[in-house]
């Protein structure tokens, strides 16, 4: 637009006045424009110094995720060292490769932010569009903040994995906590199957029972994957302990997993037995879709992502 291409016209004017002119006759959000212009202003007025100071601050903001990515890379190197005895196991290899991929993707994001900042600095030497400059500053800052957050999260996750590799007793305790959580949800599904089989209902209540049955079927399939995930981690833990000739601290864990899988299987049979034909016809599509989705997961399983898939399919019931 014509008025945007003359930056000198806007220098020294208030953010409010410039925002009004920028949005005039254009399909732009006034508040978004005002916030963009505020990035390059001093006390509500757009100035050259406001632009320079904002860019100087932005350079520091962009540098932060670069440092955090380096921290994550160091953490990954430490984790690889700790994983050396079991580096060829599927769980460990997959986890380390996943971390490496996430860090590589972050590096690309951070490099792109740096390149964009360099281009923006060059552009502001002879600014031709004040609003676009302010908007770019906001976008780069937001991208850098997101990258920093993600780098920190990855570093924490890697460090947690390394601690488990170096401390089998800590890992065993976490597996017991996972088993407790699985046991709780299996017992909940057991209660639901009992209710569905015992309650005789008609009308709208029948629909409620059908939903309860379908939801239980989804959870039952997911629980199988959770048990397999814990078993895979247990196998790695036992290999680490064997390599170091130390106690694996896993007493009773495998037995509990076997008992839970037996109970889960019994519930699965019960789910099939109590189902009315109409329930299967109505919900089989969603259940089959969920089963196919579960096949895409393999240890190590991201439990949060798995739960999101469950919720997504629940919404379709």
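The values are calculated or read from the model by the stated rules, or taken from the named source; none is laboratory data. Worth saying up front: this structure is predicted, and the values here are computed from it rather than measured. For neighbour counting, all protein chains shown are included, and Cβ atoms are generated from backbone atoms with ideal geometry for every residue, glycine included.
Okay, residues lined up against (1) within 22 Å of residue 274 (Cβ to Cβ); (2) more than 25 Å from the chain's Cα centre (by Cα):
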position: 152; (1), (2): no, no
position: 173; (1), (2): no, no
position: 185; (1), (2): yes, no
position: 198; (1), (2): yes, yes
position: 208; (1), (2): yes, yes
position: 215; (1), (2): yes, no
position: 220; (1), (2): yes, no
position: 223; (1), (2): yes, no
position: 229; (1), (2): no, no
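Check whether at least one residue in region 89-96 is part of a helix (DSSP H, G or I) and more than 19 Å from residue 236 (Cβ to Cβ), and report yes or no.
Step one: list which residues in region 89-96 are part of a helix (DSSP H, G or I), which gives 90-96.
If we keep only those that are more than 19 Å from residue 236 (Cβ to Cβ) as well, we get none.
Within region 89-96, not a single residue is part of a helix (DSSP H, G or I) and more than 19 Å from residue 236 (Cβ to Cβ).
Does region 58-110 hold any residues that are farther than 23 Å from residue 168 by Cα and over 20 Å from the mean Cα position of the chain (by Cα), and which are they?
58, 59, 60, 61, 62, 63, 64, 66, 67, 70
Just checking, which of 118, 124, 145 is out of contact with any helix residue (DSSP H, G or I) (no Cβ under 9 Å at 6 or more places or on another chain) and under 30 Å from residue 22 (Cβ atoms)?
On the way: 124 fails: out of contact with any helix residue (DSSP H, G or I) (no Cβ under 9 Å at 6 or more places or on another chain); 145 fails: out of contact with any helix residue (DSSP H, G or I) (no Cβ under 9 Å at 6 or more places or on another chain).
Going through 118, 124, 145 in turn, the sole match is 118.
Hey, any hits in region 170-190 for a residue that's touching a helix residue (DSSP H, G or I) at 6+ places or on another chain (Cβ under 8 Å), assigned to a helix (DSSP H, G or I) and under 30 Å from residue 117 (Cβ atoms)?
No, region 170-190 contains no residue that is touching a helix residue (DSSP H, G or I) at 6+ places or on another chain (Cβ under 8 Å), assigned to a helix (DSSP H, G or I) and under 30 Å from residue 117 (Cβ atoms).
Consider residue 290 against the criteria (1) surrounded by 16 or more Cβ atoms within 10 Å (Cβ to Cβ); (2) over 28 Å from the mean Cα position of the chain (by Cα): it satisfies all of them except one. Which criterion is unmet?
Of (1) surrounded by 16 or more Cβ atoms within 10 Å (Cβ to Cβ); (2) over 28 Å from the mean Cα position of the chain (by Cα), only one is false for residue 290: (2).
Looking at the structure I just gave you, is residue 190 under 27 Å from the mean Cα position of the chain (by Cα), in the same structural domain as residue 301 (by TED's automatic domain parsing) and buried (at least 16 other Cβ atoms within 10 Å of the Cβ)?
Spelling it out, it is not the case that residue 190 is under 27 Å from the mean Cα position of the chain (by Cα), in the same structural domain as residue 301 (by TED's automatic domain parsing) and buried (at least 16 other Cβ atoms within 10 Å of the Cβ).
Filter region 117-131 down to the residues that are assigned to a helix (DSSP H, G or I) and surrounded by 16 or more Cβ atoms within 10 Å (Cβ to Cβ) and list them by number. Spell out how you get there, then give the answer.
Of region 117-131, the ones assigned to a helix (DSSP H, G or I) are 117-124, 130-131.
Once the filter is applied, which keeps residues that are assigned to a helix (DSSP H, G or I) and surrounded by 16 or more Cβ atoms within 10 Å (Cβ to Cβ), region 117-131 yields 117, 120, 124, 130, 131.
Mind checking which residues of region 293-302 are within 15 Å of the chain's Cα centre (by Cα) and free of Cβ contacts under 8 Å to residues at least 12 places away in the same chain?
302, the sole residue that qualifies.
Got a sec? Which of 258, 309, 305 is part of a helix (DSSP H, G or I), over 29 Å from the mean Cα position of the chain (by Cα) and in the same structural domain as residue 223 (by TED's automatic domain parsing)? Lay out the reasoning, then the answer.
Details: 309 fails: over 29 Å from the mean Cα position of the chain (by Cα); 305 fails: over 29 Å from the mean Cα position of the chain (by Cα).
Every option except 258 fails the conditions.
Condition check: closer than 28 Å to residue 300 by Cβ and either modelled with pLDDT of 95 or more or surrounded by 21 or more Cβ atoms within 10 Å (Cβ to Cβ) (or both). Does residue 19 satisfy that?
Values: closer than 28 Å to residue 300 by Cβ: no; either modelled with pLDDT of 95 or more or surrounded by 21 or more Cβ atoms within 10 Å (Cβ to Cβ) (or both): yes.
Considered against the rule, which asks whether it is closer than 28 Å to residue 300 by Cβ and either modelled with pLDDT of 95 or more or surrounded by 21 or more Cβ atoms within 10 Å (Cβ to Cβ) (or both), residue 19 comes out as no.
Scan (1) closer than 29 Å to residue 75 by Cα; (2) in the same structural domain as residue 56 (by TED's automatic domain parsing) for the single condition residue 126 breaks and write down its number.
Condition (1) is where residue 126 drops out.
Of the conditions (1) more than 20 Å from residue 226 (Cα to Cα); (2) modelled with pLDDT of 85 or more; (3) loosely packed, with under 14 Cβ neighbours inside 10 Å, residue 181 clears all except one; give me its number.
Only one criterion in (1) more than 20 Å from residue 226 (Cα to Cα); (2) modelled with pLDDT of 85 or more; (3) loosely packed, with under 14 Cβ neighbours inside 10 Å is unmet by residue 181, namely (1).
Being crowded, with 21+ Cβ neighbours inside 10 Å and under 13 Å from residue 64 (Cα atoms) is the filter here, so list the residues in region 149-169 that pass it.
The one that is crowded, with 21+ Cβ neighbours inside 10 Å and under 13 Å from residue 64 (Cα atoms): 151.
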